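Quick notes on the structure that follows.
The values are calculated or read from the model by the stated rules, or taken from the named source; none is laboratory data. Bear in mind that the values here come from a model prediction, so they are computed numbers and not experimental data. Counting neighbours? That spans all protein chains shown, and the Cβs are built from the backbone with ideal geometry, glycine included.
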Amino acid sequence: MNNRVTSYDGIAGFYFRKIIEEIIVIIKKNTTEKSITVLDFGCGRNFLKKLVISNKLNKKIKVIGYDINQNFSDISCWKSIKFDYFVANHVFYLFTQNELNNLIKKLQSLRPRSKIIFGCSNQNFLNKIGMKILSKMNAHEHTKLSKKEQLDIILQYSRILMKVNVLFLTEIYLLEFKK
């Protein structure tokens, strides 16, 4: 077993678990079907799936994890999977504008009826205080796109159905593709 410390440990764990819990609430509030499939894009260590299972929601919500690190993925290619929700939580900041634009176009062409749940750090003053308190000053060092840049790209193709603020540090958006 890997005993590596993750973002879901300690004080930061409260914050990241709260985000995942809010994603689950959004899915439950916006689902009328008896069962749905969620693609957790950039799933990391599969905390969304673990929380769904621990809350005994896995009969209604099936989570399939996809990550660039194949050790964490349930699948090797996300494009071949049918899903109702595409969850990208704190992932798109790692993309270039061109990469994100191409991903959203591909997603829209393959699954135009799917909903997107997009979680993004506000990258604001409170985030910087949190980084200092938790001694995680390099937390945003790999950021290629600001929150505004990510939203600008996504909103070219979709519209916001719902927005949830988590502790003034992250916003989670539920989106659907424009017709």
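Taking the listed residues LYS132, LYS106, LYS115, LYS179, the one that is loosely packed, with under 13 Cβ neighbours inside 10 Å, at pLDDT 95 or above and not polar (S, T, N, Q) is LYS106, with no other qualifying.
Within region 53-90, how many residues are outside any strand (DSSP E or B) and touching a residue at least 40 places away in the same chain (Cβ under 8 Å)? Before you say what the answer is, go through the steps one by one.
Pass one, region 53-90, residues outside any strand (DSSP E or B): 53-60, 67-84, 90.
Pick out the ones that are also touching a residue at least 40 places away in the same chain (Cβ under 8 Å) and you get 81-84, 90.
So the count comes out to 5.
From the set of residues in region 150-176 that are of a type in the set (Asp, Glu) and under 19 Å from GLN108 (Cα atoms), which is surrounded by the most Cβ atoms within 10 Å (Cβ to Cβ)?
Step one: of region 150-176, the residues of a type in the set (Asp, Glu) are 152, 171, 176.
Restricting the remaining residues to those that are under 19 Å from GLN108 (Cα atoms) gives 152, 176.
Values: ASP152: 13, GLU176: 16.
Here the answer is GLU176.
Take the conditions (1) in a helix (DSSP H, G or I); (2) out of contact with any His (no Cβ under 9 Å at 6 or more places or on another chain); (3) crowded, with 16+ Cβ neighbours inside 10 Å; LYS50 misses just one of them, which is (3). Residues considered: ASP74, ASP84, ASP9. Of these, the only one that is modelled with pLDDT of 95 or more and more than 24 Å from LYS178 (Cβ to Cβ) is ASP74. Within region 21-68, restricting attention to residues that are out of contact with any Cys (no Cβ under 9 Å at 6 or more places or on another chain) and aromatic (Phe, Trp, Tyr), the residue that is farthest from LEU161 (Cα to Cα) is PHE47. Among the residues of region 39-54, the ones that are under 13 Å from the mean Cα position of the chain (by Cα) and farther than 20 Å from LEU94 by Cβ come to 1 in all.
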